[in-house]
Amino acid sequence: MQVVCFHLYNDYSGSPRVLRTVVDGLLREGVDVTLVSSRGGALDGIASHSSARFRHIGYCYKFSTNPVVTMLRYSLVQLLTFFVALRWTFSRDVTFYVNTILPVAPALAGRLTGKRVVYHYHENASVKSAMYRFLSAMMQRLANDIICVSDYQASLLKRRRRVTVVPNAVADEFARRMTPNAEQSFEKQTVLMLSSLKDYKGTREFFEIAQRLPAYRFTLVVNDEMPAIEKYIAERGIVVPTNLTVFPRQTDIVEFYRRASVVLNLSNPRMAVETFGMTVAEAMTAGLPVIVPTVGGVADLVADGVNGYKIDVSEIERITNKIDEILTDRELYVALSGEALRRSRQFSEQSMIESIKNIIIA
């Protein structure tokens with residue numbers, strides 16, 4: 001049995017990190033895996049210990065600030081991956097595992113050559129552009145099986161047949177490096193958010209919250225390079241408060257969780273609804289209370305007032321007051337931290353890998 005994985009853009013965001021966990025798990029189970037993806041992100045070092053069963057077919061691919069250039073690059077990489085997928089035309093016992101809805105061309109090639117096609121669907125296409133909705137429709141036509149990351153996400157699909165919900169998991173290796181200690185985390189008095197420069201992620205609101213709470217430290221880790229971050233800040237006239245530190249894309253984020261007290265997800269549900277919320281799951285693995293939106297898969301991770309709070313990003317004053325309450329009430333903080341850690345145990349890496357393996361090797 002061979003699994004060929006297709007993932008377009010290899011960075012350090014949630015979907016390639018989940019794919020890395022899945023591929024590592026499949027290799028441990030003795031499955032032959034080929035990864036077709038760009039280079040320069042979380043997927044690069046997957047199988048240094050399993051090279052006999054692993055092959056990475058890499059290519060150069062990145063986004064551009066110019067949408068025309070981005071679409072041209074996207075079209076070219078679709079053409080490239082379509083022809084790469086044809087390498088397995090006459091191979092038997094091959095499954096194409098398509099991570100996110102973006103690699104539609106290899107999925108099409110897979111169906112044309114009689115391969116099983118399994119999609120791992122991470123997005124919420126219904127609230128994105130017309131192109132994403134088209135890709136979602138194609139996924140629902142091409143996939144033999146669809147893996148969704150939350151019940152909320154699955155409920156938005158028109159297709160009901162062979163759709164399975166498998167929540168994302170925090171990698172065991174990542175979780176082992178966390179050192180949950182509620183008392184020490186409370187003393188750090190630091191608010192953390194890991195985000196991108198997309199407006200719907202609530203980046204501007206994070207700056208405003210930091211300005212309103214000068215008594216606490218704020219850390220923003222952005223999944224982009226520093227020149228792009230500086231341009232974003234300048235174009236929007238954002239004033240960076242002295243209590244806020246901005247970091248560009250990181251290859252290792254464990255230390256940021258270790259130095260944090262509270263983690264925010266400020267996604268705006270009127271612009272985009274989160275389907276899962278990997279940073280929230282990771283935060284809870286570190287025993288950190290979280291504040292998340294009120295709807296979507298990310299909201300499903302939080303019991304309001306138990307392991308964190310659900311507050312809409314438009315309610316800036318309420319978020320500000322809640323952060324202040326959490327970081328001044330030690331007893332409340334310790335209780336939230338304990339419940340966050342308990343909730344994190346439901347994000348089992350082995351359970352996720354076993355579920356996905358059973359779907360891929362059906």
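General observations
- Basic side chains Lys and Arg get +1 at the Cβ, acidic Asp and Glu get -1 at the Cβ, and with that the dipole of the chain about its Cα centre reaches some 1480 debye.
- Projected area averaged over orientations for the stretch 214-362, convex hull of C-alpha atoms, nm²: 10.7
- Using the alpha-carbon positions of the stretch 125-259, Rg (one decimal) and Dmax (whole number) come out as 19.2, 53 Å.
- Bins of 10 Å, starting at 0 and running to the largest distance - Cα pair percent for the chain: 5, 24, 33, 24, 11, 2, 0
- The chain, relative contact order [Cα under 8 Å, separation at least 6], %: 16
- Descending by average beta-carbon neighbour count within 10 Å, the peptides 61-69, 1-9 line up as 1-9, 61-69, the highest first.
- The stretch 285-362, accessible surface, carbon-and-sulfur percent (1.4 angstrom probe): 45
- More than 11 angstrom apart: percent of Cα pairs within the stretch 152-197: 81
- For the residues Ile233, Ile311, Ile147, a GNM of the chain with alpha-carbon springs under 10 Å puts the largest fluctuation on Ile233.
- Å² of accessible area per residue within the stretch 128-283, as computed with a 1.4 Å probe and no ligands counted: 46
- For the stretch 218-291, the relative contact order comes to 31 percent (Cα pairs under 8 Å, sequence separation of at least 6).
- Overall dimensions of the stretch 1-128 by Cα: Rg and Dmax, Å: 14.2, 43
- Cross-link pairs Lys158/Lys198; Lys198/Lys310; Lys201/Lys231; Lys158/Lys310 - those with Cα-Cα distance over 24 Å: Lys158/Lys198; Lys158/Lys310
The values are calculated or read from the model by the stated rules, or taken from the named source; none is laboratory data. Keep in mind the model is a prediction, meaning the values are calculated, not measured. Virtual Cβ from ideal backbone geometry, glycine too; neighbours counted across all protein chains shown. Remember, those area values only see protein heavy atoms, side chains included, never the ligands or the DNA or RNA. Shrake-Rupley method; radii C 1.70, N 1.55, O 1.52, S 1.80 Å.
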